[in-house]
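Participant: Once you've had a glance at the structure underneath, I'll fire off some questions.
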Amino acid sequence: MALGEVGGERAIACLVGALRDPSVGGAAVQALIRVGRAAVPALLGALDDSTSRQPAVDALVGIAASDPDGVDLSGMDLSGCDLSGRQLSRMRLSRANLNDAQLEGADLSGADMRGASLRGANLAQARLEWADLSGADLTGANLAGSGVTATQLASAGGLRQANLQGNDLWKASLPGIDLTEANLSGVRLAEADLSSAVL
């Protein structure tokens, strides 16, 4: 799309409008990625439209891949979005609504997810090294095989009904943690401190 090469507010507005049209939406996403940081404000506005939300997220993630500091999704509603397998390392997602989001296999290493809501999100096999999950709500989240650490879980805000299958929590210090109805099958809990934990 030539508009992506031209840039400018009018071109960006046309490209963001094109996100609603499935026949040209993919090309619009690629053009907006080429525009880069200048397209971010318009794309953030497009997140409020259910028709253009997913393609707008795709464009934002594409921009962030080449310019991680240019995209801040803190506090944004990304509920239900498909971010499976995407490169989201160091992404700013604090207080974001990621309820029911598909994040399977996503690289979230070093991501700022403080206070994010991840209720029912699928984070199976996601890379979470150095991700900050302080105060994050992981109620009902699927964290199977994600390598989530005890430190991350201890700082999270909720783990009821979470799927922690296959994670290594050896010597974890998780006193008082609420794991009501959580799936702990295959979790290595040897020498873990679960005193006063709700199981």
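Participant: Count the net charge of all other residues whose Cβ sits under 13 Å from the Cβ of D82, scoring Lys and Arg as +1 and Asp and Glu as -1. Walk me through the numbers on the way to the answer.
Facilitator: Working: positive: R53, R86; negative: D58, D100, E104.
Combined, the nearby Lys, Arg, Asp and Glu give -1.
Participant: In whole Hz, with x marking every Gly and Pro, tabulate ³J(HN,Hα) for segment 182-199 from phi via Karplus 6.51 cos²θ - 1.76 cosθ + 1.60, θ = phi - 60°.
Facilitator: For segment 182-199, the Karplus curve yields 6, 8, 10, 5, x, 7, 7, 10, 4, 6, 6, 9, 10, 4, 6, 6, 9, 10 Hz.
Participant: Modelled label-to-label distance, D193 and R160, 7 Å Cα→beta-carbon offset: nm?
Facilitator: Taking the two extended label points, one gets 2.6 nm.
Participant: Now for a separate question. What shape does segment 5-68 take by its C-alpha gyration tensor, where a ≥ b ≥ c are the square roots of the eigenvalues and a/c under 1.5 counts as rounded, a/b above b/c as prolate, and the rest as oblate? Don't skip to the answer; put the middle values down first.
Facilitator: Working: a/c = 1.41, a/b = 1.18, b/c = 1.19.
Rounded is the answer for segment 5-68, as its axis ratio a/c remains below 1.5.
Participant: Also: Using 5 Å bins from zero, what percent of all Cα-Cα pairs in the chain falls into each bin?
Facilitator: Histogram of Cα-Cα distances, whole percents per bin: 2, 8, 16, 20, 16, 12, 9, 7, 5, 3, 2, 1, 0.
Participant: If R₀ is 35 angstrom, what is the calculated FRET efficiency for the pair R37 and W130, using the beta carbon separation as r and rounding to 0.05? Walk me through the intermediate numbers first.
Facilitator: Values: r = 24 Å, r/R0 = 0.70.
Efficiency computed from Cβ-Cβ geometry: 0.90.
Participant: If you line up the Cα atoms of segment 106-183 on their principal axes, what length do they span on each, largest first, in Å?
Facilitator: Sorted largest first, the three principal extents are 27, 24, 19 Å.
Participant: To the nearest 500 deg cm²/dmol, what mean residue ellipticity at 222 nm is calculated for the chain from DSSP H runs of n ≥ 4 alone, each contributing -39,500 (n - 2.57), summed and divided by the residues? Show your work: numbers first, answer last.
Facilitator: Values: 6 runs with 53 residues, N = 199.
That comes out to -7500 deg cm²/dmol.
Participant: Considering Cα pairs under 8 angstrom that are at least six residues apart, work out the relative contact order of segment 52-171 and quote it in whole percent.
Facilitator: Numbers: 342 pairs, mean separation 20.4, N = 120.
Value for segment 52-171: 17 percent.
Participant: For segment 139-188, report the accessible area per residue in Å² (1.4 Å probe, heavy atoms, rounded to an integer). Show your work: numbers first, answer last.
Facilitator: Details: 2130 Å² over 50 residues.
About 43 Å² of surface per residue is accessible.
Participant: Another question about this same structure. Find the percent of Cα-Cα distances in segment 37-96 that exceed 15 Å, and round it to a whole number.
Facilitator: On the way: 757 of 1770 pairs.
The share of Cα pairs beyond 15 Å in segment 37-96 comes to 43 percent.
Participant: What ranking do 178-185, 128-135, 74-81 get when scored by the average of other Cβ atoms within 10 Å per residue, highest first?
Facilitator: Details: 178-185: 15.9, 128-135: 19.5, 74-81: 18.0.
The most tightly packed comes first, giving 128-135, 74-81, 178-185.
Participant: By how many degrees, between 0 and 90 and to the nearest 10, does the Cα long axis of helix 9-18 differ from the longest principal axis of the chain?
Facilitator: 60 degrees
Participant: Ok, one more. To the nearest 20 Debye, how big is the dipole of segment 8-53 about its Cα centre, given +1 on the beta carbon of each Lys and Arg and -1 on that of each Asp and Glu? Write down the numbers at each step before the final one.
Facilitator: Details: 5 positive and 4 negative charges, 31 e Å.
In total the dipole reaches around 140 debye.
Participant: Summing Lys, Arg as +1 and Asp, Glu as -1, what charge do residues with Cβ under 14 Å from the Cβ of G147 carry, G147 excluded? Walk me through the numbers before you get to the answer.
Facilitator: Details: positive: R127, R188; negative: E104, D107, E129, D168.
So the environment of G147 carries a net charge of -2.
Participant: While we're looking at this one, here's another question. Using the per-residue mean of other Cβ atoms lying within 10 Å as a proxy for protection, in what order, highest first, do the peptides 19-28, 52-61 fall?
Facilitator: Details: 19-28: 15.9, 52-61: 23.0.
My ranking of the peptides, most packed first, is 52-61, 19-28.
Participant: Let me ask you something else. Taking the Cα centre as origin and putting +1 on Lys and Arg beta-carbons and -1 on Asp and Glu beta-carbons, what dipole magnitude results for segment 126-199, to the nearest 20 debye?
Facilitator: Values: 4 positive and 8 negative charges, 24 e Å.
Dipole size: approximately 120 debye.
Participant: Right, here's the next one. Charges only on Cβ, +1 for Lys and Arg, -1 for Asp and Glu: so what's the dipole of the chain about the Cα centre, in debye to the nearest 20? Don't jump to the answer; show the numbers that get you there.
Facilitator: Details: 15 positive and 23 negative charges, 21 e Å.
My answer is approximately 100 debye.
Participant: Give me the angle, in degrees from 0 to 90, between the Cα long axis of helix 53-66 and the longest principal axis of the Cα atoms of the chain, rounded to the nearest 10.
Facilitator: Computed tilt is about 90 degrees.
The values are calculated or read from the model by the stated rules, or taken from the named source; none is laboratory data. Worth saying up front: this structure is predicted, and the values here are computed from it rather than measured. Positions of Cβ are backbone-derived with ideal geometry, glycine not excepted, and every protein chain shown enters the neighbour counts. Quick note on the areas: whole protein, heavy atoms, side chains included, nothing else; ligands and nucleic acids left out. Shrake-Rupley method; radii C 1.70, N 1.55, O 1.52, S 1.80 Å.
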